[in-house]
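Down below is the structure, laid out as structure tokens.
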Amino acid sequence: METLLLVNLFHELALKGGNRPFFLKRAKAHVKEALKGTGARLEAEWPMALLFRLPQEAWPEAKERLKDTLGVEGFARVLRTPPDLKALEAALEAVLLEERFQSFRITAKRSDKTFPLTSPEIERLLGAFVKEKTGAKVQLKGAEREWVVRVLPNAALLEVERHPGPGGLPPGVSGKVVALLSGGMDSPVAAYRLMRRGAKVVLVHFHPFPLLSGGSREKAKAIAERLARFQHRIRLHLVPFSEVQREIIVKTPKAYRVVLYRRYMLRIAEAIAQEEGALALGTGDSLGQVASQTLENLYVVNQAATLPVFRPLVGLDKVEIKAEAERIGTYPISILPDEECCTLFAPKHPVTRAQLSVVLEAERHLNTEALIALALKDREVVRYTWPGQKPLPKAQGEAPIMGHGPLDG
Ligand code: ATP
Ligand code: MG
């Protein structure tokens with residue numbers, strides 16, 4: 001008996017017509033990369049499934065990784081036996097000792113049609129065996145425990161434990177998108193959703209350092225590091241935004257500040273998109289969530305961009321977004337206190353129905369080209385890879401996120 005890992009690819013990958021081989025190839029490469037360092041070795045493959053040999057002790061780690069591997073529909077720990085009933089019974093008996101259950105079913109799938117028993121016969125015989133060993137009852141619908149048995153020409157596979165994957169398309173199959181990442185809860189979820197649709201995401205964070213502390217920068221780094229888990233390689237552009245803000249604060253109407261910040265963020269992000277070869281931007285806006293996200297304001301902000309701006313959270317509410325942030329592991333980072341560039345200088349009464357004519361007039365007083373160039377010149381770019389990333393040095397990974405004071409930058 002050996003521990004094997006069966007990985008099923010996301011069903012949508014089968015629907016890609018002529019591009020199907022390309023999508024499947026990327027999905028396989030992504031799965032293999034996710035398992036790097038676990039000792040997993042590819043043993044066999046089918047169009048929509050991969051079978052790896054796995055050292056037994058590597059299963060817990062492989063499981064944690066595959067739960068976050070885009071393009072994976074589900075995966076299972078599998079025992080391989082010779083293709084005969086006695087061997088399957090021995091394998092079942094070994095795993096029965098690990099578990100307790102009142103009802104169960106066996107589901108047999110026979111791809112070797114020369115095997116002397118039909119699928120229902122296999123199910124009946126193995127069912128009787130398990131019943132005798134455990135006293136549990138067979139229940140075809142809603143059983144507490146299900147075992148799937150596959151009979152192949154040279155082996156039988158017994159699925160011992162199955163988990164869902166995240167689904168989605170593997171990174172990069174849909175092209176590149178620049179996602180605007182704040183320190184908040186929404187934008188990491190938006191970036192993740194874009195990744196899940198196969199976009200290769202490049203992150204951009206605007207921070208108020210050195211005008212204010214570097215806290216938001218450290219938070220963005222921690223989030224980027226977490227998001228690397230889904231994409232394996234990710235770049236984060238850290239763009240100083242205080243010069244832009246200073247100009248906006250001094251030269252434009254107070255109520256329009258946030259709308260103007262957002263327009264400049266889109267412009268700078270678009271310049272980065274051009275360098276990166278990205279064809280769209282992404283934000284964590286949701287319709288009507290806060291004053292800056294009324295339809296009028298989104299419209300006026302959007303006019304600053306020429307690329308499409310994707311807002312994958314537009315139809316979600318806070319509860320739904322929070323649940324997803326928790327699931328992808330960005331929530332605990334997002335709720336750490338920080339000094340975000342937009343909130344601190346935000347007016348008490350921001351405009352909720354911004355007018356494009358007012359914005360365009362205000363921007364006549366700003367040297368847009370020079371502000372964009374300055375922000376781009378002073379930006380830092382940080383790269384994260386996963387798995388196999390070296391741990392971050394302490395100073396970067398821990399202290400600054402929580403330990404900064406208001407003016408310690
Ligand atoms: P989030 O939780 O993502 O911050 P939010 O609900 O707080 O979202 P806003 O603060 O209005 O909403 O920001 C809307 C979107 O603008 C964010 O989701 C993000 O995509 C972008 N954004 C805001 N601030 C920044 C920033 N400092 N750097 C990069 N992008 C930003
Ligand atoms: Mg925010």
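The values are calculated or read from the model by the stated rules, or taken from the named source; none is laboratory data. Here the structure is a predicted model, which is why all the values come from computation and not from measurement. Cβ coordinates were reconstructed from backbone atoms using ideal geometry, including for glycine residues, and neighbour counts include every protein chain displayed. Remember, those area values only see protein heavy atoms, side chains included, never the ligands or the DNA or RNA. Shrake-Rupley method; radii C 1.70, N 1.55, O 1.52, S 1.80 Å.
Some points to look at:
- Within the stretch 307-357, if we keep just the residues that are within 16 Å of ILE223 (Cα to Cα) and basic (Lys, Arg), the residue that is farthest from ligand 2 (Cβ to nearest atom) turns out to be ARG327.
- Looking only at residues in the stretch 159-194 that are within 16 Å of ligand 1 (Cβ to nearest atom) and among the charged types (D, E, K, R), the one that is surrounded by the fewest Cβ atoms within 10 Å (Cβ to Cβ) is ARG193.
- When ARG197, ARG229, ARG235 are checked against the criterion of being over 24 Å from ASN297 (Cβ atoms), within 15 Å of ligand 1 (Cβ to nearest atom), open to solvent by 30 Å² or more (accessible area, probe 1.4 Å) and under 23 Å from the mean Cα position of the chain (by Cα), a single residue qualifies: ARG235.
- Residue check, GLU99 farther than 15 Å from ALA155 by Cβ, open to solvent by less than 60 Å² (accessible area, probe 1.4 Å) and assigned to a loop (DSSP other than H, G, I, E, B): yes
- Qualifying residues in the stretch 200-210 (those that are more than 16 Å from ligand 2 (Cβ to nearest atom) and at pLDDT below 95) - the one surrounded by the most Cβ atoms within 10 Å (Cβ to Cβ): PHE209
- Looking across the stretch 265-315, the residues that are under 21 Å from ALA199 (Cβ atoms) and without any contact (Cβ under 8 Å) to a residue 12 or more places away in the chain come down to GLN274, GLU275.
- Residue in the stretch 63-78 that is exposed (fewer than 15 other Cβ atoms within 10 Å of the Cβ), more than 21 Å from the chain's Cα centre (by Cα) and not hydrophobic (A, V, I, L, M, F, W, C) present: no
- For the stretch 320-352, residues that are among the β-branched types (Val, Ile, Thr) and either open to solvent by less than 20 Å² (accessible area, probe 1.4 Å) or touching a Phe, Trp or Tyr at 6+ places or on another chain (Cβ under 9 Å) (or both) total 4.
- Residue count for the stretch 353-366 under the criterion of being in contact (Cβ under 8 Å) with a residue 24 or more places away in the chain and open to solvent by 60 Å² or more (accessible area, probe 1.4 Å): the result is 3.
- Total residues in the stretch 246-271, condition within 10 Å of ligand 1 (Cβ to nearest atom) and more than 21 Å from GLN355 (Cβ to Cβ): 2
- Residue among LEU51, LEU24 that alone is open to solvent by less than 60 Å² (accessible area, probe 1.4 Å), within 20 Å of the chain's Cα centre (by Cα) and in the same structural domain as THR81 (by TED's automatic domain parsing): LEU24
- Residue in the stretch 337-350 that is β-branched (Val, Ile, Thr) and touching a residue at least 40 places away in the same chain (Cβ under 8 Å) present: no
- Of the listed requirements (1) within 13 Å of ligand 2 (Cβ to nearest atom); (2) assigned to a loop (DSSP other than H, G, I, E, B); (3) touching a Phe, Trp or Tyr at 6+ places or on another chain (Cβ under 9 Å); (4) not β-branched (Val, Ile, Thr), ALA304 misses just one: (1).
- Test: residue in the stretch 321-331 that is in the same structural domain as PHE230 (by TED's automatic domain parsing), of a type in the set (Phe, Trp, Tyr) and touching a Gly at 6+ places or on another chain (Cβ under 7 Å): no
- Scope the stretch 110-124; condition out of contact with any Pro (no Cβ under 9 Å at 6 or more places or on another chain) and either open to solvent by less than 80 Å² (accessible area, probe 1.4 Å) or not in a helix (DSSP H, G or I) (or both); matching residues: ARG110, LYS113, PRO116, LEU117, THR118, SER119, PRO120, GLU121, ILE122, GLU123
- The residue of the stretch 141-158 that is nearest to ligand 1 (Cβ to nearest atom), among those that are of a type outside the set (D, E, K, R) and over 26 Å from LEU54 (Cβ atoms), is GLY142.
- The stretch 7-32 residues that are in contact (Cβ under 8 Å) with a residue 40 or more places away in the chain, paired with ones that are basic (Lys, Arg) (beta carbon under 6 Å, 6 or more apart): PHE23/LYS16
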